[in-house]
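Following: one structure in structure tokens, then a few remarks.
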Amino acid sequence: MSRRHLPSLAGLQCFEAAARHLSFTRAADELSLTQSAVSKQVAQLESILEHPLFRRIRRRLHLTPEGAIYLGEARKILAQVEMSTRYMQSYGGEADVLNVATLPTFGARWLIPRLNGFRFRHPNINLNISNRVEPFDMQQERVEVAFFFGHGAWPKAECIRLLEEEIVPVCSPQALEGMRVEEPLALTRLVLLQSATRPEAWHDWFDAQGQYTEHSYHGPRFDTFYMALRAAQAGCGVALVPRFLVQEEIDEGKLVVPWPFSLKSRDAYYMAYPEHMADLYKVRAFIDWIRERIV
């Protein structure tokens, strides 16, 4: 598809609004256009795509299968345009945006409590914090600071070690009712809750105690530690998680440690930032703020 045959932004907006309302008239009202203008934009879009996007059945508008597929793509494009526009509107001048990426549970449990007061010290820096689980390129993703768990290396970035971790098993007090835990393998009588980012966790935890079980990899799998913690708290089984992420629930009695052995991880949590941004005011201000709050 040559550039001159790419759909216009107006065409995508008209299509998305018509698909949402299943009405050209209501889409036109929302966009302050005429019904014929919306219909013409959608027709041009269908011509470019060489697929019908709507069908009229008994005077009602319905998405075709192709239209349903393209609607998802159109919404992604429109959302990206809006996000990029808002980013540039807030970039530079009196205020600057600092894009920060973090692991989901780490961000919620460790990072966010340490941000209190940052806005008062640096009122011209607006934080934009997003969750990331998979590796990514900071430069391509426009991320200035990233928090991650690993060996302490990130391409073309400086890395600051924040804290180590030890992982412990936790479950709800109710899950242990009438159960005696006299050895690590007793936990296999409960459901072992798995973490998608640490698939070897249960195997390593048992192995460090000279134990082996074929159940190490069995059990429901969760994308984040937070989901695994909530599942453990709901009585779904026993989760293996970093102690510092769950200490609050342990102190409150919402979760218990059924077997006291903790396994120290070989890796640690780090804060990274691109080498070429080391002297950028917003980056340096945020790094200094976090380093002051490392306990």
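Every number in this text was worked out from the coordinates using simple rules, so none of it is lab data. None of the values given here were measured: they were computed from a predicted structure. Reconstructed Cβ throughout: ideal geometry from the backbone, glycine too, with neighbour counts over all protein chains shown.
Using just the C-alpha positions of the range 3-89 as equal point scatterers, what log10 of I(q)/I(0) does the Debye formula give at each q in 0.12, 0.13, 0.15, 0.17 1/Å? Log10 of I(q)/I(0), two decimals: -0.35, -0.41, -0.54, -0.68. Fully extending the segment from GLN80 to ASP251 would add 57.3 nm, taking 0.36 nm per residue of separation and subtracting the current Cα-Cα distance.
Here's how it looks for VAL191: its modeled amide H is under 5 Å from those of VAL238, which are all 5 or more places away or on a different chain. If R0 is 51 Å, the Cβ-Cβ spacing of ARG26 and ASP207 corresponds to a FRET efficiency of close to 0.25.
GNM remark for the chain: springs join alpha carbons under 10 Å apart, and the peak mean-square fluctuation among ILE112, ILE57, ILE69 falls on ILE57. Taking the Cα centre of the chain as reference, the dipole from Cβ charges on Lys and Arg (+1) and Asp and Glu (-1) amounts to some 1340 debye. Classify the range 110-150 from the C-alpha gyration tensor, please: rounded if a/c falls under 1.5, else prolate or oblate depending on whether a/b exceeds b/c. Verdict is oblate for the range 110-150. Between the residues CYS14, PHE54, ILE69, the greatest Cα displacement towards the positive end of the dipole of the range 3-89, with unit charges on the Cβ of Lys, Arg, Asp and Glu, is found for PHE54. Note on LYS156: lysines with a C-alpha under 27 Å away, same-chain residues under 8 apart excluded, are LYS282.
Across all directions, the shadow cast by the convex hull of the chain built on its C-alpha atoms averages 22.6 square nanometres.
If R0 equals 22 Å, the separation of the Cβ atoms of LEU163 and ASP137 corresponds to a calculated FRET efficiency of about 0.30. As a ratio to 2.2 N^0.38 Å, the alpha-carbon radius of gyration computed for the range 166-264 takes the value 0.95. In the chain, a dipole from Cβ-located charges (positive for Lys and Arg, negative for Asp and Glu) runs towards its positive end, and of TRP202, ALA232, HIS215 it is ALA232 whose Cα lies farthest in that direction.
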